[in-house]
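A.B. asks: Below you will find the structure I want to go over with you.
The values are calculated or read from the model by the stated rules, or taken from the named source; none is laboratory data. In this text the structure is predicted, and so the values were computed from the model without any measurement. In this analysis, Cβ positions are derived from the backbone assuming ideal geometry, glycine residues included, and neighbour counts consider all displayed protein chains. Only protein heavy atoms, including side chains, enter the accessible area calculation; ligands, DNA and RNA are left aside. Shrake-Rupley method; radii C 1.70, N 1.55, O 1.52, S 1.80 Å.
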Amino acid sequence: MKIFNTMSRQKEEFVPMKEGEYRIYVCGPTVYNYIHVGNARPVCVFDTLRRYLEYRGNRVLYVSNITDIDDKIIKKANEEGVSYDVIARRYEEEYFKDCRGLNVKPATVHPRATEHIEEIQSIIKDLIEKGYAYPAGNGDVYFRSRKDAHYGKLSHQPLEDLESGARIAVGEIKEDPLDFAVWKGSKPGEPAWDSPWGPGRPGWHIECSAMARRHLGDTIDLHCGGVDLVFPHHENEIAQSECANGCTFARYWMHNGFLNIDNHKMSKSLNNFFTVRDVAEQVGYEPIRFFLISGHYRTPINYTKEVIESCKASLERLHTCRDNLDFAIANASGSDTALADRADAAQEKFIAAMDDDLNTADAIAAVFELARDINTLSAASSKETLEKAARVFDELTGVLGLLYNRAKDEVPARVQELAEERAEARKAKDWPRADAIRDELASLGYAVEDTPNGPKIIKK
Ligand SMILES: [Zn+2]
């Protein structure tokens, strides 16, 4: 697979350090509000990358942090007159609710910043020892950007350009405007943790360096996030991690493009600010995921009401096709096998597209081509051919994380009822009754498998 590496600005063969295992870190949300549709883009895009790598037989260690201490969280807590963690836990929960709605797999670890204060302080100590960071005397600790000879390498900006945008805010005591805080001394009434530099809390950038090191090691395979994070966030993560650890931080960098609303940048003042929750209440979650991966991840995408409606309609075509396919399988009487070749061709196209820098747009096109072939060729196809088409169709839509709401109403109520009756009969050791129900289920096309987690209903 090739991916566009922001560091080299080229498409490169994506080869992990350890064959068959990818270590990936994706910057997660600051939990002070519901996430908006722009926030959900990296969440869905990189979940799709992860699913694809797993589909190709790899193991993926996927770490996505929760920033649960930050100025915005403190501000919101003060507005509501509650502790910062009330806000953080509330919106973390809402974030995971949206993730489940969008069919985003839980990360291997979702580390919280406040649960890694020790690791954060340990990396700051390393930096101070090596002369890359300094306590300013007011409780803050800053990173000496200019001391890092490679500072600016990810954003490809010369120091002079970075300098012109740098400033020293009121209350900061920096040696140089380019320096940034790795530890912030607490102001009265703010949440604080003890440290060798006085009570305070971590800077934003340092938490990712510390949590990546803790959960994935000094060097990771891939670091991802939105393009708005390239500078300063990712640039600063690199500076901290490489100066502290003395080795490459991330071997590859992937960044998704912006999301606009009606061709404008999303902003509260333009009144074009949409949360995932708001949109999901109108059209459901699945069209949002479809929309977010429908374009190539590096190109900007434009959200409009029309676009999301058309995504919904496109998805409905896929759902209908898949339902028809089930019907065709149940009633198959043909002998044609052409559809099997079409399924192979679709799979090949899909893989070629995904291997080319995660081209989900072309991959989705391959799925729609297969849907068209299924619609036209089903009636004459053999049962085996139809089953193969269904398997490929499910695999490909599964990699995209789509059509996940199908399974829910697959088992008819009567079948569910019988399975429960059978479980009761078994409990009562009424074997003849249990066997009779098993036969009845079989006549309806279902089998029951007894697993340690209880009976599992399988459609035959
Ligand atoms: Zn980060």
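A.B. asks: Quick one: which residue in Ile73, Ile69 is part of a loop (DSSP other than H, G, I, E, B) and either open to solvent by less than 10 Å² (accessible area, probe 1.4 Å) or of a type in the set (Val, Ile, Thr) (or both)? Walk me through it before giving the result.
C.D. replies: Working: Ile73 fails: part of a loop (DSSP other than H, G, I, E, B).
Among Ile73, Ile69, only Ile69 is part of a loop (DSSP other than H, G, I, E, B) and either open to solvent by less than 10 Å² (accessible area, probe 1.4 Å) or of a type in the set (Val, Ile, Thr) (or both).
A.B. asks: Let me ask you something else. Going by the conditions given, is Leu216 among the aliphatic types (A, V, I, L, M) and more than 23 Å from Leu162 (Cβ to Cβ)? So that I can check it myself, show each step before the final result.
C.D. replies: Working: among the aliphatic types (A, V, I, L, M): yes; more than 23 Å from Leu162 (Cβ to Cβ): yes.
Judged against the criteria, Leu216 is a match.
A.B. asks: So Gly246 ticks every box in (1) closer than 29 Å to Thr299 by Cα; (2) open to solvent by 60 Å² or more (accessible area, probe 1.4 Å) but one. Which box is left unticked?
C.D. replies: Single failed check for Gly246: (1).
A.B. asks: If you go through segment 88-105, how many residues are among the charged types (D, E, K, R) and not in a helix (DSSP H, G or I)? First the steps, then the outcome.
C.D. replies: Initial filter on segment 88-105 (among the charged types (D, E, K, R)): 89-90, 92-94, 97-98, 100, 105.
Next, only the ones that are not in a helix (DSSP H, G or I) stay: 105.
Selection size over segment 88-105: 1.
A.B. asks: Taking the conditions exactly as written (without any contact (Cβ under 8 Å) to a residue 40 or more places away in the chain, in a helix (DSSP H, G or I), assigned by TED's automatic domain parsing to the domain that holds Ser186 and under 16 Å from the mean Cα position of the chain (by Cα)), does Glu54 satisfy them or not? Give the derivation first.
C.D. replies: Working: without any contact (Cβ under 8 Å) to a residue 40 or more places away in the chain: yes; in a helix (DSSP H, G or I): yes; assigned by TED's automatic domain parsing to the domain that holds Ser186: yes; under 16 Å from the mean Cα position of the chain (by Cα): yes.
So Glu54 passes the test.
A.B. asks: Suppose we keep only residues that are under 21 Å from the mean Cα position of the chain (by Cα) and of a type in the set (A, V, I, L, M, F, W, C) within segment 303-317. Which one would you say is nearest to Asp278 (Cα to Cα)?
C.D. replies: Of everything passing the filter in segment 303-317, Ile308 is nearest to Asp278 (Cα to Cα).
A.B. asks: Let me ask you something else. If you check His215 against the conditions, is it part of a helix (DSSP H, G or I), within 16 Å of the ligand (Cβ to nearest atom), within 23 Å of Lys75 (Cα to Cα) and not β-branched (Val, Ile, Thr)? Before you say what the answer is, go through the steps one by one.
C.D. replies: Working: part of a helix (DSSP H, G or I): yes; within 16 Å of the ligand (Cβ to nearest atom): yes; within 23 Å of Lys75 (Cα to Cα): no; not β-branched (Val, Ile, Thr): yes.
No, not satisfied.
A.B. asks: Next up: So His223 ticks every box in (1) surrounded by fewer than 23 Cβ atoms within 10 Å (Cβ to Cβ); (2) within 14 Å of the ligand (Cβ to nearest atom); (3) not in a helix (DSSP H, G or I) but one. Which box is left unticked?
C.D. replies: Result: His223 passes all but (1).
A.B. asks: How many residues are open to solvent by less than 50 Å² (accessible area, probe 1.4 Å) and under 19 Å from Glu190 (Cα atoms) when one looks only at segment 83-119?
C.D. replies: Total meeting the criteria: 7.
A.B. asks: Look at Arg51 and say whether it is open to solvent by 10 Å² or more (accessible area, probe 1.4 Å) and in contact with a strand residue (DSSP E or B) (Cβ under 7 Å, 6 or more places away or on another chain). Steps first, answer last, please.
C.D. replies: Values: open to solvent by 10 Å² or more (accessible area, probe 1.4 Å): yes; in contact with a strand residue (DSSP E or B) (Cβ under 7 Å, 6 or more places away or on another chain): no.
No, not satisfied.
A.B. asks: When you look at Glu163, is it closer than 24 Å to Asp70 by Cα, at pLDDT below 95 and among the acidic types (Asp, Glu), yes or no? Outline the logic, then answer.
C.D. replies: Working: closer than 24 Å to Asp70 by Cα: no; at pLDDT below 95: yes; among the acidic types (Asp, Glu): yes.
The answer is no for Glu163.
A.B. asks: Next question. It is to be established whether one or more residues within segment 229-242 are among the hydroxyl-bearing types (Ser, Thr, Tyr) and surrounded by fewer than 24 Cβ atoms within 10 Å (Cβ to Cβ). Break it down stepwise before answering.
C.D. replies: Residues of segment 229-242 that are among the hydroxyl-bearing types (Ser, Thr, Tyr), as a first pass: 241.
Among the residues that remain, those that are also surrounded by fewer than 24 Cβ atoms within 10 Å (Cβ to Cβ) are: none.
No, the conditions are met nowhere in segment 229-242.
A.B. asks: Between Ala210, Ala181, which is within 16 Å of the ligand (Cβ to nearest atom), assigned to a strand (DSSP E or B) and within 26 Å of Lys75 (Cβ to Cβ)? Lay out the reasoning, then the answer.
C.D. replies: On the way: Ala210 fails: assigned to a strand (DSSP E or B).
Just a single option satisfies the conditions, and that option is Ala181.
A.B. asks: Would you confirm, using the coordinates I've provided, whether Asn236 is part of a loop (DSSP other than H, G, I, E, B) and not assigned by TED's automatic domain parsing to the domain that holds Asp357? If you could, list the steps in order and put the result at the bottom.
C.D. replies: Numbers: part of a loop (DSSP other than H, G, I, E, B): no; not assigned by TED's automatic domain parsing to the domain that holds Asp357: yes.
No; evaluated as a whole, the condition is false for this residue.
A.B. asks: Out of the residues in segment 64-91 meeting the condition of being among the hydrophobic types (A, V, I, L, M, F, W, C) and within 29 Å of Leu49 (Cα to Cα), tell me which one is nearest to the chain's Cα centre (by Cα). Even if it seems obvious, please write down each step before you answer.
C.D. replies: Of segment 64-91, the ones among the hydrophobic types (A, V, I, L, M, F, W, C) are 66, 69, 73-74, 77, 82, 86-88.
Subsequent filtering for residues that are within 29 Å of Leu49 (Cα to Cα) retains 66, 69, 88.
On the way: Ile66: 13, Ile69: 21, Ala88: 19 Å.
Among residues in segment 64-91 that are among the hydrophobic types (A, V, I, L, M, F, W, C) and within 29 Å of Leu49 (Cα to Cα), the one nearest to the chain's Cα centre (by Cα) is Ile66.
A.B. asks: Turning to a different aspect of this structure: Only residues that are open to solvent by 70 Å² or more (accessible area, probe 1.4 Å) and in a helix (DSSP H, G or I): list them for segment 407-416, please. Outline the logic, then answer.
C.D. replies: To start, the set of residues in segment 407-416 that are open to solvent by 70 Å² or more (accessible area, probe 1.4 Å) comprises 408-410, 413-414, 416.
Residues satisfying the conditions are Lys408, Asp409, Ala413, Arg414, Gln416.
A.B. asks: Do we find that Pro432 is at pLDDT 90 or above, surrounded by fewer than 12 Cβ atoms within 10 Å (Cβ to Cβ), of a type outside the set (Phe, Trp, Tyr) and more than 27 Å from Glu286 (Cα to Cα) in this structure?
C.D. replies: Working: at pLDDT 90 or above: yes; surrounded by fewer than 12 Cβ atoms within 10 Å (Cβ to Cβ): yes; of a type outside the set (Phe, Trp, Tyr): yes; more than 27 Å from Glu286 (Cα to Cα): yes.
In short, yes.
A.B. asks: In segment 106-136, which residues are within 26 Å of Ile24 (Cα to Cα), among the basic types (Lys, Arg) and not in a helix (DSSP H, G or I)?
C.D. replies: Arg112
A.B. asks: So how many residues does segment 137-173 have that are touching a residue at least 40 places away in the same chain (Cβ under 8 Å) and either at positive phi or not assigned by TED's automatic domain parsing to the domain that holds Trp204 (or both)?
C.D. replies: 3
A.B. asks: Restricting segment 30-48 to residues that are outside any helix (DSSP H, G or I) and open to solvent by less than 20 Å² (accessible area, probe 1.4 Å), which is farthest from the ligand (Cβ to nearest atom)?
C.D. replies: Of segment 30-48, the ones outside any helix (DSSP H, G or I) are 30-36.
Of the ones still in play, those that are also open to solvent by less than 20 Å² (accessible area, probe 1.4 Å) are 31, 35.
Details: Val31: 14, Ile35: 15 Å.
Ranking the qualifying residues of segment 30-48, first place goes to Ile35.
A.B. asks: Could you tell me whether any residue of segment 255-277 is in a helix (DSSP H, G or I) and either within 12 Å of the ligand (Cβ to nearest atom) or in contact with a helix residue (DSSP H, G or I) (Cβ under 7 Å, 6 or more places away or on another chain) (or both)?
C.D. replies: Start the filter on segment 255-277 by keeping residues that are in a helix (DSSP H, G or I), which leaves 276-277.
Checking which are either within 12 Å of the ligand (Cβ to nearest atom) or in contact with a helix residue (DSSP H, G or I) (Cβ under 7 Å, 6 or more places away or on another chain) (or both) leaves us with 276-277.
Yes - at least one qualifying residue is present in segment 255-277.
A.B. asks: Can you tell me which residue within segment 21-42, out of those that are of a type outside the set (Lys, Arg) and closer than 20 Å to Phe4 by Cα, is farthest from the chain's Cα centre (by Cα)?
C.D. replies: Step one: of segment 21-42, the residues of a type outside the set (Lys, Arg) are 21-22, 24-40, 42.
Filter again for closer than 20 Å to Phe4 by Cα, leaving 21-22, 24-27, 42.
Numbers: Glu21: 18, Tyr22: 15, Ile24: 11, Tyr25: 10, Val26: 8, Cys27: 9, Pro42: 6 Å.
That would be Glu21.
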